[in-house]
Amino acid sequence: MSAPAAGVHPQSPIENPFEPSASGLLLAMRFAFVVLIVGAVISGRPLLEWLSVPAMLWVLVVVWGRHVLFAENLGGLPNLSAAESGPALPSPVPAVSMIVPARNEEVDIQSAACALAAIDYPELEILVIDDHSADATLQILQGLARDLPRLRVLSAPDVPMGWTGKINASWFGFEQANPQARWLLFTDARVKFHPLAVSRAIAHAEAERLGFLSCIIRFDGQGLAEEWIAIMQNRGLLTSTRAFGGGAPVVPFGLGAFSLIRREVYLQCGGHALAPDHPLEDFILAKSAHGSGASTSAAIASELVSLRRYHGFADMRRRVVRTFRVSASDHWMDLVNRISLELPLGVLPLPVAAGALARMVATRSIQPALAILCAVSFLAWLAGTCTPRSSTRICSFRPWVAWLHPFGAALWTWFLSLAIGEQLRGRKIAWRDRVIQPPSRTVL
């Protein structure tokens, strides 16, 4: 396996894109707000009730501000769809190499691979790289390749010291790809593509003269817990694509399920080999492409690309907890920071509104401070429903699930607490029977 070109390095340090920024004082204030509000509802003391009102007003403002950013990005990002609209493909059509690492994907690999083979793009090669699967993934792929000649199935070499398996497979796929291809498209083995997905993405990237494009895809949830988590995850992804007012985000957006990059940009920035041991390879690739001077952007492709991330509650719990620990660089302080946000913003408003109303009904009196707290808490919960109710474009879930979003926030918070517990116990982070080293704070 060859290394990236000598002298290639990012223009600025590649940091963990989810670097925590909250101070201990800020965390203490958030938890103090939670204790104050809950104490006001339980105790019925007028002073606590009045003090809790501005705390809940802060919750309302932040919840609404978070939704405004989500709505701005949902409406402002380009939308790639199967409809006959948008720019046309250039002539001649640029060649594309699609690189698909796969490890232990026997559950979904057949349907996903068949969808890849059905992509309607004339200059496309599809390289599926088996990453030392311990199940029937390779056998299924080899059987499919006999009937689907567009699929080129390869086995990744042994993982070198200091590399992760997925990055090793991705880099190997790049080395085996057509050197004349103008674009590289990296995706995951379970992602399902519409036949026009590649055509629409290439037409958009060429028209905008982009060097890197990553797309928001549709997350499909089956079962209540999966639906809640799909909403939570795509909310976070979409809000990270742009800053308030449509400005560039602090960290260029990247998603491993759909990362399209010009081959020349990939070579110039060092590609996946630049940080071969970093588990957040999608954000790292986006930032290194941006650091090399390429134009990077995001788009919504939820009509064209979809993924069911989890299969059952146990699988979801393991994967979400692992993702939390990796994105937090396995620092408990960052995990606590996330709890200190989700607990008051997502979980608290509805129970507080219900509790305040129940207390007034029980006492058969309208207490001014408690009534105001009840009204503001209800508004905060109602504002919190706006984001999931707007998420039908990018998630697959039953409409009524959005009204129960506090339960999703509670599940999210519980997974965060599990991640903290694993970290404090010194449990290793693992993915597909491999130990993962959490990313360091800065990768040079």
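What the table below lists for this structure:
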| quantity | calculated |
| --- | --- |
| Residue count, segment 87-117 (criterion: in a loop (DSSP other than H, G, I, E, B) and either β-branched (Val, Ile, Thr) or under 26 Å from the mean Cα position of the chain (by Cα) (or both)) | 7 |
| Any hit, segment 147-162, residues being open to solvent by 40 Å² or more (accessible area, probe 1.4 Å), in a helix (DSSP H, G or I) and modelled with pLDDT under 95 | yes |
| Residue within segment 319-334 that is outside any helix (DSSP H, G or I) and closer than 30 Å to Ala113 by Cα present | no |
| So Glu303, is it open to solvent by less than 30 Å² (accessible area, probe 1.4 Å) and among the acidic types (Asp, Glu) | no |
| Test: residue in segment 187-202 that is open to solvent by 10 Å² or more (accessible area, probe 1.4 Å) and free of Cβ contacts under 8 Å to residues at least 12 places away in the same chain | no |
| Number of positions in segment 33-43 that are out of contact with any helix residue (DSSP H, G or I) (no Cβ under 6 Å at 6 or more places or on another chain) and either under 12 Å from Leu341 (Cα atoms) or surrounded by 15 or more Cβ atoms within 10 Å (Cβ to Cβ) (or both) | 1 |
| The listed residue being open to solvent by less than 30 Å² (accessible area, probe 1.4 Å), part of a helix (DSSP H, G or I) and free of Cβ contacts under 8 Å to residues at least 24 places away in the same chain, out of Cys386, Cys374 | Cys374 |
| From Leu57, Leu48, Leu69, residue being assigned to a helix (DSSP H, G or I), open to solvent by 70 Å² or more (accessible area, probe 1.4 Å) and touching a residue at least 12 places away in the same chain (Cβ under 8 Å) | Leu57 |
| Matching residues in segment 72-86 - criterion: being without any contact (Cβ under 8 Å) to a residue 12 or more places away in the chain and not acidic (Asp, Glu) | Gly75, Ala83, Ser85 |
| The listed residue being closer than 30 Å to Arg434 by Cα and either open to solvent by 20 Å² or more (accessible area, probe 1.4 Å) or at pLDDT below 95 (or both), out of Ser85, Ser133 | Ser133 |
| Verdict on Phe397 being under 30 Å from Ser302 (Cα atoms) and either touching a Lys or Arg at 6+ places or on another chain (Cβ under 8 Å) or among the hydrophobic types (A, V, I, L, M, F, W, C) (or both) | yes |
| Single unsatisfied condition, Leu141 versus (1) over 25 Å from Leu89 (Cβ atoms); (2) open to solvent by 10 Å² or more (accessible area, probe 1.4 Å); (3) among the aliphatic types (A, V, I, L, M) | (2) |
| Residues within segment 122-138 that are more than 21 Å from Leu196 (Cβ to Cβ) and under 26 Å from the mean Cα position of the chain (by Cα), tallied | 6 |
| Selection count where residues are closer than 21 Å to Val93 by Cβ and of a type in the set (A, V, I, L, M, F, W, C), scope segment 149-173 | 1 |
| Selected residue [surrounded by fewer than 21 Cβ atoms within 10 Å (Cβ to Cβ), modelled with pLDDT under 95 and in contact with a helix residue (DSSP H, G or I) (Cβ under 9 Å, 6 or more places away or on another chain)] from Arg364, Arg308, Arg317, Arg325 | Arg308 |
| Filter result for Ala402 (buried (at least 22 other Cβ atoms within 10 Å of the Cβ), touching a residue at least 60 places away in the same chain (Cβ under 8 Å), under 20 Å from the mean Cα position of the chain (by Cα) and under 23 Å from Ile217 (Cβ atoms)) | yes |
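Residues are listed down the side, and each one gets a yes or a no for (1) more than 24 Å from Ile99 (Cα to Cα); (2) under 19 Å from the mean Cα position of the chain (by Cα); (3) of a type in the set (A, V, I, L, M, F, W, C); (4) at pLDDT below 95:
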residue	(1), (2), (3), (4)
Ile231	yes, yes, yes, yes
Thr239	yes, yes, no, yes
Arg263	no, no, no, no
Ala273	no, no, yes, yes
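The values are calculated or read from the model by the stated rules, or taken from the named source; none is laboratory data. Not measured: the values here are computed from a predicted model. Cβ: placed from backbone, ideal geometry, glycine included. Neighbour counts: every protein chain shown. To get the accessible areas, we keep the full protein, side chains included, count just its heavy atoms, and leave off ligands, DNA and RNA. Shrake-Rupley method; radii C 1.70, N 1.55, O 1.52, S 1.80 Å.
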